[in-house]
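Notes follow once the structure below has been shown.
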Amino acid sequence: MLDAIINAFAGSRWPVGIAIYLLVGLVVLRPSGSIGSRFMSALGWPLELTQRTAGAIGLPYLFLLPNMLVFALFTFAPMFINIGFSVTDGQSINFEQRVFSGSDNFQRLTFDIQPDTGGVNQEDDKFQQSVADTFTFVIFQVPVMILVALITALTLNRDIAGRGFWRSIFFYPVMLSPVVVGFLWTLILKRQGVLSLTLMDWGLIDEPIQWLQDPAWTMFWSVFVYTWAHLGFYMLILLAGLQAIPKDLYEAASMDGTSDWRVLRKITLPLLMPTLLVVTVLSLVKAFQAFEELYAMNVRWQSLVAYIFETSGLRGQPTAFGLGIAATASMLVAGLLMLLSLLQMYLSRKKDAVSI
């Protein structure tokens, strides 16, 4: 084996490089102790030298630096670029070829008068309709999500047969791609889909229904499918919150003969409230960002994210104002989501202060 190693490195500069690396470590650190300890110090001399330089306080920040650089590259940089797009006009993504427009894009989204021509503005109607549709979706979807996730978590927290199996079944849709979810439910809900054909065979309807395009049904099925796809995530959070509640409280309530309904109201829900708060805010943020499943199903209504996607020119022909309008709309959505996050932080701190 030694001969094979020697032959592998024959004529290579790697052994010389390794020797120089270890020699530099021995010279810089001047380690003491046994031969093994000196060798390990020489082997990791860049890290040990960094620790000596930064100290115990600065070393954690040094380890966080790569993550912060990636975070800045993929979060802060796009955010500032988006701000630049929102105050400029043009089809190009190169700022040198874009014209500064100030608040014109905001006026196009909110005013009735077109800032360029003085004529009637049509863009504000499209944006306001997408806002109204999104708020309708959020108002129905979030309470349904929280209620169903809570009931599911309470059920799966009990000692039932096949509890692990049922937990995995409810969590499985979360692992599916949103496009796959949308495609599967399209096969069920399209005009000649499984649902319409089944209901016709049972004699419940006379002709097939396009469930995703019918105004009477499109919002219902949007809420149903989106809840089905994301239920497992929130159920898992609530399940963790339920398992964190001390068992001795339930044992004491059982010894006192307290009913299950009273245990739920007086013990489970109050102690689960911080987790419910997190789930509520997360589901609100996720609902306002709803896009992939709804876009794949081609529902009749348009969400805010779908409006931004189409207006920006990512699908179809780009326009002179499209990218700026989409950037401005995304800034408004980001501001709303930031307010929701701040609300969560405020309520969490307020509850902690009351509990103390």
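Structure notes:
- Residue in the range 35-45 that is open to solvent by 90 Å² or more (accessible area, probe 1.4 Å), modelled with pLDDT of 70 or more and of a type in the set (F, W, Y) present: yes
- Residue satisfying all of: in the range 120-131; open to solvent by less than 50 Å² (accessible area, probe 1.4 Å) and either under 19 Å from the mean Cα position of the chain (by Cα) or modelled with pLDDT of 90 or more (or both); farthest from L340 (Cα to Cα) among these: S130
- Among the residues making up the range 297-341, those that are touching a residue at least 60 places away in the same chain (Cβ under 8 Å), open to solvent by 60 Å² or more (accessible area, probe 1.4 Å) and not in a helix (DSSP H, G or I) are N298, R300, T319, F321.
- The one condition in (1) at pLDDT below 85; (2) among the charged types (D, E, K, R); (3) touching a helix residue (DSSP H, G or I) at 6+ places or on another chain (Cβ under 9 Å) that D256 fails to fulfil: (3)
- Within the range 91-119, being of a type in the set (A, V, I, L, M, F, W, C) and open to solvent by 50 Å² or more (accessible area, probe 1.4 Å) holds for I93, F95, V99, F100, F106, F111, I113.
- Contacts under 9 angstrom Cβ, first residue in the range 96-115 being basic (K, R), partner assigned to a strand (DSSP E or B) and open to solvent by less than 40 Å² (accessible area, probe 1.4 Å), 6 or more apart: R98/T88; R98/D89
- The lone exception for T88 - which of (1) among the β-branched types (V, I, T); (2) open to solvent by less than 80 Å² (accessible area, probe 1.4 Å); (3) without any contact (Cβ under 8 Å) to a residue 24 or more places away in the chain it fails: (3)
- Residues of the range 144-178 that are free of Cβ contacts under 8 Å to residues at least 60 places away in the same chain and open to solvent by 70 Å² or more (accessible area, probe 1.4 Å): L147, I151, R158, D159, A161, R163, F165, W166, I169, M175.
- Scanning the range 189-218 for residues that are touching a helix residue (DSSP H, G or I) at 6+ places or on another chain (Cβ under 7 Å), touching a residue at least 60 places away in the same chain (Cβ under 8 Å) and open to solvent by 40 Å² or more (accessible area, probe 1.4 Å) returns no hits.
- Flag for G322 being closer than 30 Å to F100 by Cβ and not basic (K, R): yes
- Annotation: V138 fulfils all but one of (1) modelled with pLDDT of 90 or more; (2) in a loop (DSSP other than H, G, I, E, B); the unmet one is (2).
- Residue tally, condition open to solvent by 80 Å² or more (accessible area, probe 1.4 Å) and free of Cβ contacts under 8 Å to residues at least 40 places away in the same chain, over the range 245-295: 12
- Considering the range 132-153, and only residues there that are under 13 Å from G232 (Cα atoms) and hydrophobic (A, V, I, L, M, F, W, C), the residue that is farthest from the chain's Cα centre (by Cα) turns out to be I151.
The values are calculated or read from the model by the stated rules, or taken from the named source; none is laboratory data. These numbers were taken from a predicted model, which means no experiment stands behind them. Virtual Cβ from ideal backbone geometry, glycine too; neighbours counted across all protein chains shown. All accessible areas refer to the heavy atoms of the entire protein, side chains included, with ligands and DNA or RNA removed. Shrake-Rupley method; radii C 1.70, N 1.55, O 1.52, S 1.80 Å.
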